[in-house]
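> Below you will find the structure I want to go over with you.
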Amino acid sequence: MGFEFRVTKRSQENQGRLGVLTTFHNEIETPVFMPVGTQGTVKAMTVRDLNEIGFKIILGNTYHLYLRPGVDIISEAGGIHRFMNWNGSVLTDSGGFQVFSLAKLNKITEDGVSFKSHIDGSAIFFSPEKVMEIEMGLGADIAMAFDVCSPYPSDYQTAKEAMERTTRWAERCLKAHRHDRQVLFGIVQGVTYRDLREASARQLLAMNFPGYAIGGLSVGEPKPLMYEVLDYTVPILPESKPRYLMGVGSPDALWEGVERGIDMFDCVFPTRIARNGTALTSMGRIIIRDAKYARDLTPLDPNCGCQVCSSYTRAYLRHLFKAGEILGAHLVTYHNLYFLMDVMNQIKEGLKTDTYQERKAEFFKRYNGN
Ligand SMILES: [Zn+2]
């Protein structure tokens, strides 16, 4: 199987589309939400759980996997799929976001970034070439180019320099990337400056990547501003290639992103909040530790068809969290991922039958009504 993307239906109502992404492992219907498997595991979930819910592609974090266990060990195991026993597709990020947000930065030069590991403080140097070598070693289906992530807010000059360096690094990544079972996506940067986003998209387009991501969003800017960036950036990206909005995955942002033409999303949010006992439900978020659920013998979400909701009560889940039992984190994670899959299915149905606005209004009425 080679890499291919096909748009199968365009919405009559908005910029949204249905598609099929074929990777070296499977076929993925888009739009798609990709759970994040930071360190070679979607936290608290087995691959059997992920298959059961129907996920076909997950994310791996280059920065984390490089630090631990190390790319040599994963290579020896036959790549990230075999190492974690996952038969679906994998996308690895470039580590750019982590290097610029998590690690102690030493120096950023045109050549690359020197930083200290957040685990043991050891000195590490990431260049575009080095990141390509790591991502090829990890062996995901889709690798991401090494980009410079600017914080929000950034002044214009800082944003411009980061965007221009991202373009130059994308060229170097493309040159260094040699893998016949992995494709490389470019990342559009430019913070919230329209001319920078447009320039970034045009420069990357000239390099003819098989897919394009929009990076540097959902980093603290107000959501309407993020949607505005999508409004002017997405139309520049080619119709025939997948468009990936990085780090975004709240239910409302999925609806808003898809109708602006986004095909792929990822976010740690549903799994991270689950481990703190926050559930996403059709009626909004539920903090399961709240005292009001102590005697609540109803399911987490009465409208959810997942195993957790058909087997357990809010009172039981609250008890697990209050008692510090690890099963609580597993069950709420399972439900949250199932819930997002369900939201994406409603979104797809809306695209398919041109009932997007109607379904979206219905969803938000219930979701925000709580
Ligand atoms: Zn459920």
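> Among VAL188, VAL32, VAL332, rank each residue by its count of other Cβ atoms within 10 Å, from fewest to most, as a rough exposure measure.
VAL32, VAL332, VAL188
> Return a whole-number percent for the relative contact order of the chain, with Cα pairs under 8 Å and 6 or more residues apart as the contact set.
Rounded, it is 16 percent for the chain.
> Across the range 4-274, how many lysine pairs separated by 8 or more positions, or lying on different chains, have Cα atoms within less than 27 Å?
Step by step, the pairs that qualify in the range 4-274 add up to 25.
> Taking the beta-carbon count within 10 Å as an exposure proxy, list ASP147, ASP296, ASP155 from fewest neighbours to most.
Ranking ASP147, ASP296, ASP155 by Cβ neighbours within 10 Å, fewest first, gives ASP155, ASP296, ASP147.
> Round to the nearest 0.05 the FRET efficiency obtained for THR46 and GLU362 when R0 = 30 Å and r is the Cβ-Cβ distance.
Computed FRET efficiency for THR46 and GLU362 comes out at 0.35.
> Say the dipole of the chain comes from +1 at the beta carbon of Lys and Arg and -1 at that of Asp and Glu; which of ILE73, THR281, THR298 then lies farthest toward its positive end?
THR298
> Calculate how large, on average over all directions, the projected area of the Cα convex hull of the chain is; give the answer in nm² to one decimal.
17.9 nm²
> What helices does the chain hold that run 24 Å or longer along their axis, going by alpha-carbon atoms, with a Kyte-Doolittle average of -0.5 or more, using DSSP H for the helix calls?
326-352
> Please name which of PHE100, GLY37, MET136 has its Cα lying farthest along the dipole of the range 4-274 towards the positive end, using unit charges on Cβ (Lys, Arg +1; Asp, Glu -1) and the Cα centre as origin.
Projecting each Cα onto the dipole axis, the largest value belongs to MET136.
> Placing +1 on the Cβ of each Lys and Arg and -1 on the Cβ of each Asp and Glu in the range 4-274, which of SER122, LEU205, MET264 has its Cα farthest towards the positive end of the resulting dipole?
Highest projection toward the positive end goes to SER122.
> Still on this structure: Which order do GLU27, GLU164 fall in if you start with the one that has the fewest other Cβ atoms within 10 Å?
So the residues, fewest neighbours to most, are GLU27, GLU164.
> Right, here's the next one. Kindly rank 130-142, 272-284 from highest to lowest mean number of other beta carbons found within 10 Å of each residue.
Final packing ranking: 130-142, 272-284.
> Spit out the partnerless Cys residues in the chain, using Cβ distances under 4.7 Å as the pairing rule.
When partners are defined as cysteine Cβ atoms under 4.7 Å apart, the chain leaves CYS149, CYS173, CYS267, CYS306 without one.
> If you don't mind, another one. If you place +1 on the Cβ of every Lys and Arg, -1 on the Cβ of every Asp and Glu, and leave all else neutral, what size is the dipole of the range 4-274 about its Cα centre, to the nearest 20 Debye?
Computed about the Cα centre, the dipole is about 200 debye.
Any read-out appearing in this document is the output of simple, stated calculations on the displayed coordinates, not a laboratory observation. Keep in mind the model is a prediction, meaning the values are calculated, not measured. Neighbour counts run over all protein chains shown; Cβ positions are idealised from the backbone, glycine included.
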